[in-house]
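The values are calculated or read from the model by the stated rules, or taken from the named source; none is laboratory data. Not measured: the values here are computed from a predicted model. Ideal geometry is used to build each Cβ from the backbone, glycine not excepted, and the neighbour counts take in all protein chains shown.
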């Protein structure tokens, strides 16, 4: 234990020393919190129940609707789009200043997103085919594959908006918000076609993305705009739920007539505004926390593998659920119907097991995400500063996490 602690301290010190002074660590912290919220949210509100020799998907929110506030804590996609808009707008502006082309910039950005996807699709293509050949029920295979692929819609939308950064970075968030409101009025108030709601897939997530772009331009240097977002968004969300007929859950619930997430509704947009306001307000406490080498190292390492964690967390949960069937088909909190507080308590006990399985996936597949971040070793000597003095260092490949974090 002492040796592990010493190694972790050395790694944290290396990451701290390798981080440029000008890096805004709160951006990384918010991204890590957003990914963590998505992972924990899926693990807590998604359940695979064993039935008739197969597995089917359900949710505790379907059986216990009073748990809807849980979705307010863990539906953190708006924060991810906020950070994404901030990083994309700032990165594109920096690329333009250096004389870089749009093609080179967007290729690098999208490569980081999609490089890890190939491994997920390949593995699950093989697994799904093998299960069907082995006699597994089609509904079971479909449920599992749907859980794996469903997060990819978010990645596609995020990639499309990121690619459009030069066009959307300076759009006021009020414009996509107005589109979301108009679509909902047409869809719900005027009994318009259901398909019109899918316009909000782009418009709804453009709202936090454009807020992030405005953040990169200094729009939230003062606290007042963020307070307005938090207060106004929270009040609008409450009004829409209490008097507008919108569901309280901010994630989809099986069997529900309306989902706030698929596609995003005005209630989800208002909730996202409040969430973005809160994220912008906690920047100072986060900045203080990130001055601690241990805390910063945890966030930095999380960001190095953010897409790996996001893409494989459902696989980790399903692997534990499937292996659990070898022991019993009725393990509490794993295979049983999520219809009681007892299930929720049991589910919390499974979270460390899910985490361990996710770490196995991380160890196996993180290289697909990190490969593109490793720079080629330089042949020329380099000068590094140590305190007030400087020395010439022997060149060596920069491949460790302490070096790679500067490229996230």
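The numbered conditions (1) over 27 Å from residue 91 (Cα atoms); (2) surrounded by 16 or more Cβ atoms within 10 Å (Cβ to Cβ) are all true for residue 232 except (2). Against the list (1) farther than 18 Å from residue 334 by Cα; (2) surrounded by fewer than 22 Cβ atoms within 10 Å (Cβ to Cβ); (3) at pLDDT below 90, the condition residue 91 fails is (3).
Across segment 3-34, the number of residues qualifying as surrounded by 21 or more Cβ atoms within 10 Å (Cβ to Cβ) and either in contact with a strand residue (DSSP E or B) (Cβ under 6 Å, 6 or more places away or on another chain) or within 22 Å of residue 85 (Cα to Cα) (or both) comes to 7.
Based on what the data block shows, is residue 185 surrounded by 14 or more Cβ atoms within 10 Å (Cβ to Cβ) and more than 15 Å from residue 89 (Cβ to Cβ)? Taking the combined requirement at face value, the residue does not satisfy it.
Okay, residues lined up against (1) touching a residue at least 40 places away in the same chain (Cβ under 8 Å); (2) in contact with a helix residue (DSSP H, G or I) (Cβ under 7 Å, 6 or more places away or on another chain); (3) closer than 28 Å to residue 337 by Cα; (4) not in a helix (DSSP H, G or I):
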position: 67; (1), (2), (3), (4): yes, yes, yes, no
position: 88; (1), (2), (3), (4): yes, yes, no, no
position: 105; (1), (2), (3), (4): no, yes, no, no
position: 109; (1), (2), (3), (4): yes, yes, no, no
position: 112; (1), (2), (3), (4): yes, yes, no, no
position: 124; (1), (2), (3), (4): yes, yes, yes, no
position: 130; (1), (2), (3), (4): no, no, yes, no
position: 159; (1), (2), (3), (4): yes, yes, no, no
position: 162; (1), (2), (3), (4): yes, yes, no, no
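When segment 312-349 is filtered for residues that are out of contact with any strand residue (DSSP E or B) (no Cβ under 9 Å at 6 or more places or on another chain), surrounded by 20 or more Cβ atoms within 10 Å (Cβ to Cβ) and farther than 30 Å from residue 112 by Cα, nothing remains.
Identification of helices (runs of 4 or more DSSP H) wholly contained in segment 278-365 with 3 or more residues that are more than 23 Å from residue 145 (Cβ to Cβ), over 16 Å from the mean Cα position of the chain (by Cα) and in contact (Cβ under 8 Å) with a residue 40 or more places away in the chain yields 283-289, 293-304. Within segment 197-204, is there a residue that is surrounded by 14 or more Cβ atoms within 10 Å (Cβ to Cβ), in contact (Cβ under 8 Å) with a residue 12 or more places away in the chain and under 18 Å from residue 277 (Cα atoms)? Scanning segment 197-204, I find at least one residue that is surrounded by 14 or more Cβ atoms within 10 Å (Cβ to Cβ), in contact (Cβ under 8 Å) with a residue 12 or more places away in the chain and under 18 Å from residue 277 (Cα atoms), so the answer is yes.
You will find that of 214, 269, the residue that is assigned to a helix (DSSP H, G or I), at pLDDT 95 or above and touching a helix residue (DSSP H, G or I) at 6+ places or on another chain (Cβ under 6 Å) is 269 and no other.
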